[in-house]
Amino acid sequence: MNYIFEIILLAIIVIVPIIVIWHRGNLAQSGQKRAGIRGEKFTSKLIRETLRNDDTLLCNVSISFND
């Protein structure tokens, strides 16, 4: 029983600093940069869900037509 307590305590001692370092790394970025990254992820997901496999995505291309 004593070994289980020691293993749990050791796991907590190892995991907590990793979590703290990970959160500080994310918080070190500016709010604008974090928002930009989230926006890019959201937009990429939306484009992937919308386009079909045979669709072509054209970037910076102006398409015009007359009625």
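The residues of segment 22-57 that are among the hydrophobic types (A, V, I, L, M, F, W, C) and either at pLDDT 80 or above or part of a helix (DSSP H, G or I) (or both), listed by number, are Trp22, Leu27, Ala35, Ile37, Phe42, Leu46, Ile47, Leu51, Leu57. Checked against (1) assigned to a helix (DSSP H, G or I); (2) open to solvent by less than 100 Å² (accessible area, probe 1.4 Å), Ile7 passes all but condition (2).
Scanning segment 28-60 for residues that are of a type in the set (A, V, I, L, M, F, W, C) and surrounded by 10 or more Cβ atoms within 10 Å (Cβ to Cβ) yields Ala35, Ile37, Phe42, Leu46, Ile47, Leu51.
The values are calculated or read from the model by the stated rules, or taken from the named source; none is laboratory data. What you see is a predicted model, and the numbers here were worked out from it, not measured in a lab. Note that we place each Cβ from the backbone using ideal geometry, even for glycine, and neighbour counts take in every protein chain shown. With ligands, DNA and RNA removed, areas are computed over all heavy atoms of the protein, side chains included. Shrake-Rupley method; radii C 1.70, N 1.55, O 1.52, S 1.80 Å.
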